[in-house]
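What follows is one structure encoded as structure tokens, with my remarks underneath.
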Amino acid sequence: MTRTPALEIAVQDPAGVRIAGEVGAARVELASALALGGLTPSPATLELSVAAAREADVEVHVLVRPRGGDFHYTDEEIAICEHDVRRAIEAGAEGVVIGALDAHGALDVDAMARLRDAAGGASVTLHRAIDVSPDPLATLDAAIALGLRRVLTSGGASAAIDGIDTLRALVARADGRIQIMAGSGVGAANAAELAGTGVDALHFSAKRTVTAEGGVRMGSASDGVGGYEVTDRDTALAVRAALGL
């Protein structure tokens, strides 16, 4: 019998935290700019989201990512991440979500050790940097050696359902030594199939886009004012229902 995985919802604000609590998620990954894959949230967002999580009875795990693009960082960027990791834990977060690769695409063990140590013993998750590494199984081995708590992965594919064979291989390789959490494109249509791989958790954003009209560009990635994304309670509940919860 397939065990029911824990649920983690990627959110961007206290409202998303409250929805996560309402639908019974175990934790949230708090980030900003999910359309870019997620970036480090602001100090105010962090503080208010941790306060909301206390009332909602969910854990907060903070994404620490200083910019978009790849995961090969300069020394200064790693220093920024160290400060953000410490700030997240000092603000009351239960853990952080991090990732850094070296020039060859392998896990940057030295940088990861610095960030792990900055967390001071709090939970540390390796994010989807594993999915762009050349050998996800070797990256998983490195994460285990570093003593990380879990790995968020799509199995090396753009969507987790397309990396399902690699997810199974990662679960087998982990063998209970580290948690495997499937993420990217997780929804009601595929949650049960992904749960069947034996992953410890499912990670999803349950988001919808709020559109806005406007013809003035607001940055290089923008087409006019554009819209923004929010956590949608009904979408999150649909994932729960697909798992029989």
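Residues considered: ARG217, ARG208, ARG233, ARG240. Of these, the only one that is at pLDDT 95 or above, basic (Lys, Arg) and open to solvent by 70 Å² or more (accessible area, probe 1.4 Å) is ARG233.
Residues in region 69-80 include at least one that is more than 15 Å from the chain's Cα centre (by Cα), within 20 Å of GLY155 (Cβ to Cβ), part of a loop (DSSP other than H, G, I, E, B) and in contact (Cβ under 8 Å) with a residue 40 or more places away in the chain. Residues in region 148-181 that are part of a loop (DSSP other than H, G, I, E, B) and open to solvent by 60 Å² or more (accessible area, probe 1.4 Å): 5 in all. Looking only at region 26-43, residues that are open to solvent by less than 30 Å² (accessible area, probe 1.4 Å) and either among the charged types (D, E, K, R) or in a strand (DSSP E or B) (or both) come to 4 in all.
Inside region 181-215, residues that are hydroxyl-bearing (Ser, Thr, Tyr) and more than 16 Å from GLY227 (Cα to Cα) make up a count of 3.
Consider THR4 carefully, then state whether it is outside any helix (DSSP H, G or I), surrounded by fewer than 24 Cβ atoms within 10 Å (Cβ to Cβ), in contact with a helix residue (DSSP H, G or I) (Cβ under 8 Å, 6 or more places away or on another chain) and not basic (Lys, Arg). So THR4 fits the description; yes. Residues in region 44-68 that are outside any loop (DSSP other than H, G, I, E, B), β-branched (Val, Ile, Thr) and touching a helix residue (DSSP H, G or I) at 6+ places or on another chain (Cβ under 7 Å): VAL60, VAL62.
For residues that are touching a residue at least 40 places away in the same chain (Cβ under 8 Å) and outside any helix (DSSP H, G or I), scanning just region 101-145, find the one that is farthest from PHE71 (Cα to Cα). So the residue we want is SER123. Consider region 7-20 and keep the residues that are more than 13 Å from the chain's Cα centre (by Cα) and not in a loop (DSSP other than H, G, I, E, B). The one that is surrounded by the fewest Cβ atoms within 10 Å (Cβ to Cβ) is ALA15.
Only one of the listed residues (VAL60, VAL64, VAL23) is open to solvent by less than 10 Å² (accessible area, probe 1.4 Å), more than 14 Å from the chain's Cα centre (by Cα) and within 30 Å of VAL239 (Cβ to Cβ). That residue is VAL23.
In the condition set (1) open to solvent by 20 Å² or more (accessible area, probe 1.4 Å); (2) more than 23 Å from LEU30 (Cα to Cα); (3) part of a loop (DSSP other than H, G, I, E, B), THR197 is compliant with all but (1).
The values are calculated or read from the model by the stated rules, or taken from the named source; none is laboratory data. From a predicted model like this one, the values you see are computed outputs, not experimental measurements. Ideal geometry is used to build each Cβ from the backbone, glycine not excepted, and the neighbour counts take in all protein chains shown. The accessibility values were calculated without ligands, DNA or RNA, using every heavy atom of the protein model including side chains. Shrake-Rupley method; radii C 1.70, N 1.55, O 1.52, S 1.80 Å.
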